[in-house]
Amino acid sequence: MSWWTKHKQWLGLSERLPAQWKNRSWQEIPLLAIDLELTCLDTNVAAITSIGWIAGTNGTIDLTSAFYQVINTQADLQQSPVIHGLTAEDIAKGNELAPALQQLSSMLHTHLWVFHHAPLDMPILTREMRNRQIDFSGLLTLDTLSLEKYIMERAQAVFSRHSFTLPDCRHRYQFPPAPLHNALDDAMATLELAFAQLNNLKAMPHPVSDLRHTRSLQYYV
């Protein structure tokens, strides 16, 4: 059993939401969209080659919050240079991961973290933070892929497992194509998607706990 399977805590009841978020409305909560570029999709061995994030509140993106770094890793890059355009030379000039994670952890309780497909990014972030003894307890995340599945199921839409890529999800909200395979670009695209989904659900004036049934929220205790 993987660490992710063993420890994931899908929210089913509002009582499991941390008090700091439970009664706050979506329109007042700072969201922080995060994306990782990885050496592969195997969460047990994947290394981070770049990390990007950006924050926003109530449908407005704070461009001054944008962060992007290439990360130095000794791991096998596999197909990453082809997919992400980061060569071995780029990686060699990259930064250490620890300072970026420390900076990210400073927003653990001030922002609700947003991912597109959290089951890929969070196990790797969790492993790297645990390895550096960075506490991430009390973290609340929103997964836009899971939220989109809920929205489409509610609409009784026909879909396949390929319907939930970030570009496909954005297309349904009539966003123009966004640059792909850059951590900051993907983070911004995810944040835009999250705002569109919350607007679709008319969730913005309502408390976070109102979305507990969508299985898109996860709380780390």
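The values are calculated or read from the model by the stated rules, or taken from the named source; none is laboratory data. Note that the structure is predicted; figures quoted are calculated from it, not measured. Here the Cβ is made from the backbone with ideal geometry for all residues, glycine too, and neighbour counts use every protein chain on show. Just the protein is used for accessible areas: all its heavy atoms, side chains included, with ligands, DNA and RNA removed. Shrake-Rupley method; radii C 1.70, N 1.55, O 1.52, S 1.80 Å.
Here are a few things to note about the model shown:
- For the range 91-106, the candidate set comprises residues that are open to solvent by less than 60 Å² (accessible area, probe 1.4 Å) and assigned to a helix (DSSP H, G or I); within that set, the residue that is modelled with the lowest pLDDT is Ile91.
- Summed over the range 159-211, the residues that are open to solvent by 70 Å² or more (accessible area, probe 1.4 Å) and under 18 Å from Gly56 (Cα atoms) give a count of 4.
- Long-range neighbours under 6 Å by Cβ, at least six apart or interchain, first residue touching a residue at least 40 places away in the same chain (Cβ under 8 Å) within the range 124-145, second assigned to a loop (DSSP other than H, G, I, E, B) and of a type in the set (A, V, I, L, M, F, W, C): Ile124/Ala46; Leu139/Leu108
- Residue count for the range 113-158, restricted to those that are in a loop (DSSP other than H, G, I, E, B) and buried (at least 18 other Cβ atoms within 10 Å of the Cβ): 1
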